[in-house]
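Student: If you scroll down you'll find the structure; I have some questions about it.
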Amino acid sequence: MKYAIIEISGRQFWIEAGKYYDFNRIPTELGKQVTLNRVLLVNNEGDVLVGKPYVESVKVTGKILEHLRGKKTIVYKMRPKKKTRKKQGHRQELTRVLIEDININ
């Protein structure tokens, strides 16, 4: 089982080839190839490579499938005893990326 732990947009993801993941919005057209080079750890059939901070010899390639919006989150702020209430919604802009390959040089 080959997997990698990558960092993208300030978050860390455990990824495997052939699966898709939702990342924060990547401003690129649909169908384009993306290369993710901030690889923190790679496990290749039990052979583990750990970066300091990144593994330089590993590149993860993916394809952008779609741009979408996440589930709505309600932000509710209230100050007690002041009759002040503020209700606001938020939907995060996301990009769905299909991980095609984890290349180890």
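Student: Just to check I understand the Karplus step: with θ = phi - 60° and J = 6.51 cos²θ - 1.76 cosθ + 1.60, what whole-Hz values come out for segment 75-84, glycine and proline as x?
Tutor: Once rounded to whole Hz, the list reads 10, 10, 10, 9, 9, x, 6, 10, 6, 10.
Student: Something else: Given that just one value was derived from the coordinates, which of (i) 41, 12, 10; (ii) 36, 17, 10; (iii) 27, 14, 13 is semi-axes √(5λ) of the Cα gyration tensor in Å?
Tutor: Step by step, semi-axes √(5λ) of the Cα gyration tensor in Å for this structure corresponds to label (ii).
Student: On the protein heavy atoms, probe 1.4 angstrom, tell me the percent of accessible surface of the chain carried by carbon and sulfur.
Tutor: Carbon with sulfur: 50 percent of the solvent-accessible area.
Student: At what distance in angstrom do the alpha carbon centres of segment 70-105 and segment 14-50 lie from each other?
Tutor: The distance from the Cα centre of segment 70-105 to that of segment 14-50 comes to 22 Å.
Student: Further question: In what sequence, largest accessible area first, do H90, H67 appear using a 1.4 Å probe?
Tutor: H90, H67
Student: Would you please name the GluC sites (Glu not before Pro) within segment 1-31 that are DSSP coil residues with at most 16 other C-beta atoms within 10 Å of their C-beta?
Tutor: E29
Student: Name the residue from F13, S57, G46 whose Cα lies farthest towards the positive end of the charge dipole of the chain, charges +1 on Cβ of Lys and Arg and -1 on Cβ of Asp and Glu.
Tutor: F13
Student: Going from most exposed to least, what order do V34, V75, V58 have by accessible area with a 1.4 Å probe?
Tutor: Result of the area sort, largest leading: V75, V34, V58.
Student: Which loop trypsin sites (Lys or Arg not before Pro) in segment 53-105, with loop taken from DSSP, have no more than 11 other Cβ atoms within 10 angstrom of their Cβ?
Tutor: Values: sites: K59, K63, R69, K71, K72, K77, K81, K82, K83, R85, K86, K87, R91, R96; in loops: K71, K72, K81, K82, K83, R91.
Those satisfying the criteria are K71, K72, K81, K82, K83, R91.
Student: Can you give me the P(r) profile for segment 1-44? Cα pairs, bins 5 angstrom wide beginning at 0, each as a whole percent.
Tutor: Pairs per bin, as whole percents: 5, 18, 32, 26, 14, 5, 1.
Student: Where does each of Y54, Y76, Y21 land when they are ordered by accessible area, with a 1.4 Å probe and the largest first?
Tutor: The most accessible residue leads, giving Y76, Y54, Y21.
Student: Another question, then. Keeping every protein chain present and rolling a 1.4 Å probe, give me the accessible area per residue for the chain in Å².
Tutor: Per residue, the chain has an accessible area of 70 Å².
Student: Which ³J(HN,Hα) values, rounded to whole Hz and listed in residue order, are derived for segment 62-73 from phi using the Karplus coefficients 6.51, -1.76 and 1.60 in 6.51 cos²θ - 1.76 cosθ + 1.60 with θ = phi - 60°, glycine and proline given as x?
Tutor: x, 10, 6, 8, 6, 9, 9, 10, x, 5, 6, 10
Student: Moving to a separate point now. Which of the trypsin sites (Lys or Arg not before Pro) found in segment 3-51 are loop residues per DSSP with 12 or fewer other Cβ atoms within 10 Å of their Cβ?
Tutor: Hits after loop and neighbour filter: K19, K32.
The values are calculated or read from the model by the stated rules, or taken from the named source; none is laboratory data. Because the structure is predicted, anything quoted here is derived from the model rather than measured. A quick note on method: Cβ atoms are made from the backbone with ideal geometry, for glycine too, and the neighbour counts reach across all protein chains shown. Surface accessibility is based on the protein's heavy atoms, side chains included, excluding ligands, DNA and RNA. Shrake-Rupley method; radii C 1.70, N 1.55, O 1.52, S 1.80 Å.
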